[in-house]
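The values are calculated or read from the model by the stated rules, or taken from the named source; none is laboratory data. Nothing here was measured: the structure is a model prediction, and the numbers come from that model. A quick note on method: Cβ atoms are made from the backbone with ideal geometry, for glycine too, and the neighbour counts reach across all protein chains shown.
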């Protein structure tokens, strides 16, 4: 089976995103694993910044500025590039990964990819698909997951925090707002005050 192709799920699995709590479970599942530092950093950045799998694989060291606490995101699919703040836990995860990455990159001294494999080369899409799927199973989630569910989880989490559609559009780099409206239109939080006295 090719890991870079979308998996076919049963009709019972109609949800296209993970909740923030489920993402935490997936990230927690990295503890004690062989590639814990890399995988925790990868999953955290993919979720918090709504990275597509190819954007995560293509992330360069120069895009991650832990001294200024910013991430320069180059969007694919004709998306708009953005600069996002890095939160304290993301900076810690990046520092831990970069310390290990320096050791792994000895065999590929010119490699500029932020996420690399055990052998020192750029992390591949299929590997990320496998990583996400395996941690989803390890977290015992009630649904099968793939990398794009982390991007959708980001959009829904931002809507849950009260971000408006335009801000989510900018954050995810969507050129067309129609790609963004789903995050806010089905968000139950917007109906919270309707029945309050």
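Listing for the model above:
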| quantity | calculated |
| --- | --- |
| Where residue 80 falls short, out of the listed (1) surrounded by 15 or more Cβ atoms within 10 Å (Cβ to Cβ); (2) under 26 Å from residue 170 (Cβ atoms); (3) in contact with a helix residue (DSSP H, G or I) (Cβ under 9 Å, 6 or more places away or on another chain) | (1) |
| Among the candidates 171, 183, 156, residue that is under 22 Å from residue 76 (Cβ atoms), assigned to a helix (DSSP H, G or I) and at pLDDT below 85 | 183 |
| Answer from 49, 35, 17 - the residue that is over 29 Å from residue 170 (Cα atoms) and either surrounded by 14 or more Cβ atoms within 10 Å (Cβ to Cβ) or at pLDDT 95 or above (or both) | 35 |
| Count of the stretch 96-123 residues which are closer than 19 Å to residue 51 by Cα and exposed (fewer than 15 other Cβ atoms within 10 Å of the Cβ) | 1 |
| Within the stretch 96-109, tally of residues that are outside any loop (DSSP other than H, G, I, E, B) and out of contact with any strand residue (DSSP E or B) (no Cβ under 7 Å at 6 or more places or on another chain) | 9 |
| Qualifying residue in the stretch 151-162 (condition: surrounded by fewer than 15 Cβ atoms within 10 Å (Cβ to Cβ) and out of contact with any helix residue (DSSP H, G or I) (no Cβ under 6 Å at 6 or more places or on another chain)) | yes |
| Matching residues in the stretch 83-95 - criterion: being in contact with a helix residue (DSSP H, G or I) (Cβ under 8 Å, 6 or more places away or on another chain), surrounded by 13 or more Cβ atoms within 10 Å (Cβ to Cβ) and either at pLDDT below 95 or in a helix (DSSP H, G or I) (or both) | 90, 93, 94 |
